[in-house]
Amino acid sequence: MTPAAGRKSPADKHDERRRALAESALRTLGELGYARASLREIANNSAYSHGVVHYYFQDKHELIVYCVREQKAECVRRYDGVVAHSTTPEQLAVGFADKLVETLRDDTAMHRLWYDVRTQSMFEERLREVAVEIDGWLEDMVWRIVSKYADLADTVPAMPAPVVYGIFDGLFQQALVNHTLGRDGVLDDLHELVRELLPTMIKEPA
């Protein structure tokens, strides 16, 4: 039998609660980082008890992997609209820069956690699979942006996907550090740099 119309199944309710717990935990995880966070500490800084958190997540590793995977998947999807709706190179460049600034400003904790997890994956084998998976998502997302930009400009990408991703990832991480330190002008600088960089990543077809 299927649930009555409008009534959520137990599986849906379980997934919904896990997502709510993850969203509640994200700020604490972003502030404490992978090494310092524990389920109890996360529960103490959320609306949920330690017992509830532990019921839905076996340990902090499972919670952190869930948080990072869910949030990064959502983050990547935000750029699909930029690719789909841009009709000129400049429109795409501005849309891409806008989204990067928006996510850096609004999702600082998530990005801090992601970079911490990626670094820790060099030492924690259990984190390597999700780190490689998410790096792949992000590289593909950046490549879709640059490829569409090249198409709109009647050109081709001048660099391979890993190089393009490395450049933007480094730029974004540097901006995240400066934003976390409270330095002025970080978001405006990021926006301008992204718009300046994109034209350097294309070339005339051979």
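The values are calculated or read from the model by the stated rules, or taken from the named source; none is laboratory data. All values reported here derive from a predicted model rather than from experimental measurement. Every residue, glycine among them, receives a Cβ derived from its backbone with ideal geometry; neighbour counts consider all protein chains shown.
Points to keep in mind about this one:
- The stretch 157-166: number of residues that are surrounded by 15 or more Cβ atoms within 10 Å (Cβ to Cβ), hydrophobic (A, V, I, L, M, F, W, C) and not in a loop (DSSP other than H, G, I, E, B): 2
- Members of the stretch 60-97 found to be modelled with pLDDT of 90 or more, in contact with a Ser or Thr (Cβ under 7 Å, 6 or more places away or on another chain) and surrounded by 18 or more Cβ atoms within 10 Å (Cβ to Cβ), listed by number: 92
- The residues listed here are 206, 153, 158, 175; of these, the one that is of a type in the set (A, V, I, L, M, F, W, C) and touching a Lys or Arg at 6+ places or on another chain (Cβ under 6 Å) is 158.
- Number of the condition not met by residue 146 [criteria: (1) in contact (Cβ under 8 Å) with a residue 12 or more places away in the chain; (2) more than 20 Å from residue 78 (Cα to Cα)]: (2)
- Cβ-Cβ under 6 Å pairs, at least 6 apart or on other chains, the stretch 66-93 side aliphatic (A, V, I, L, M), far side part of a helix (DSSP H, G or I) and buried (at least 19 other Cβ atoms within 10 Å of the Cβ): 68/114; 68/117; 76/141; 82/96; 92/149; 93/198
- Filter result (exposed (fewer than 11 other Cβ atoms within 10 Å of the Cβ) and either among the β-branched types (Val, Ile, Thr) or part of a helix (DSSP H, G or I) (or both)) within the stretch 191-206: 200
- Residue 154, sole failed condition from (1) out of contact with any His (no Cβ under 8 Å at 6 or more places or on another chain); (2) part of a helix (DSSP H, G or I): (2)
- Any chance residue 104 is under 17 Å from the mean Cα position of the chain (by Cα) and either crowded, with 20+ Cβ neighbours inside 10 Å or assigned to a helix (DSSP H, G or I) (or both): yes
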